[in-house]
Amino acid sequence: MKTTRLITRRNAIVTGLAAAGGFALTRNWHELPPTYGNLLRMGDAVTYAAHRAVLPRQSLVREYTRADITSFPAIGTTNPGKGAQTPLLEAYGRLQRGAFADWRLSVEGLVATPRTFSLAELQQLPSRTQITRHTCEEGWTAIAEWTGVALSHVLDAAGMLPAARFVVSHTYDGWIDSIDLLDALHPQTILAYGMNQRDLPIPHGGPVRLRVERQLGYKSLKFLHRIVIVDKFDDGGKSGNIQNGWAWYTGI
Ligand SMILES: Nc1nc2c(c(=O)[nH]1)N[C@H]1C(S)=C(S)[C@@H](COP(=O)(O)O)O[C@H]1N2
Ligand SMILES: [Mo]
C-alpha cells in the first residue's frame, strides 16, 4: 500500500522544535533575519530564526476546498486608477482603460535576462490554483481561491543568478516590500491573476498580485509593477512597508 506522509506546518513546528533541541536555531549564520541588528525588531528575529530552523523548507500552508471560500473584503488601495496622484498611478489608470493589454511586469536585477512579462505570457507559464486563508494584520481572515504562476517559474524564465538573495516587489500604488528566497521559491508563492475562478478584480490587486501564503496579508502586494532580484537585504528603505511599523518577516 502506498502511504503518503502529509507534513502539516503545526506538526512540523512541534517536531522541529523537539528536534532542534534548544539553541541550534539556524543552520547557517547568514540565515539570521536581515533585520536582526535593529533592537526594535528583535521579535522578527526570533520568529524568523525559529521558522527557518524548524519548518521544512517547502512545507505548505493548509489548502481548503471551494466550500470553505468566504466573502473577502478589499483592503488598502482598492482603485489605484481613480483620481491618480502620481505618474505611476496615472500609468495604471491608462493600462486599466486598455483592459491591461499593455500591462507588463518587469523582472530586473540579478537575472541573466532582464525582461518583461505580459499577462498572456504569465498565463502561458504553468499555473497553480490554491484555496488559502488570508490573515490581515488588522485581525480578520478570509478564504479565497487564487490562480497564478509560481514566482519561481518567473524567476527561472528570467534566469535568476546564483548571487540572488531577496526579491523586492514594487507596486503601482507605491508599495515596496521584499521576501527572501525561501519564500520566493516556495511553491505556494504565486503571482496571482485569478481569484475565485475569475480575472483578479481590481480592488484585490488586478491584473496581478503576489500571494505569499506563509506570511501576513500585507506581504501579498497588489497591483504589481516591478520585481527586482538583489543580493543584499533591501526593505524598500523610506518607501518600504516596514516604515508602517510593520515587521519585515511576519511568518504565520
Ligand atoms: N499594493 C498594495 N498591496 C497591498 C495593500 C495595498 O494597499 N496596496 N494592502 C495589503 C493588506 S494590509 C492586505 S490585508 C491585503 C488586502 O488584500 P485584499 O484587498 O485582496 O483583501 O493586501 C495587501 N497588499
Ligand atoms: Mo492587511
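Directionally averaged projected area (the range 127-217, Cα convex hull): 6.1 nm².
Among 60-66, 128-134, the peptide with the highest mean count of other Cβ atoms within 10 Å heads the list, and the full ranking is 128-134, 60-66. When the square roots of the Cα gyration tensor eigenvalues are ordered a ≥ b ≥ c, the ratio a/c for the range 66-244 is under 1.5, which makes its shape rounded.
Each value in this text was obtained by applying a stated rule to the coordinates, not by laboratory testing. Keep in mind that this is a model prediction, so the values were computed, not measured. Please note: Cβ atoms are built from the backbone with ideal geometry, for glycine as well, and neighbour counts cover all protein chains shown.
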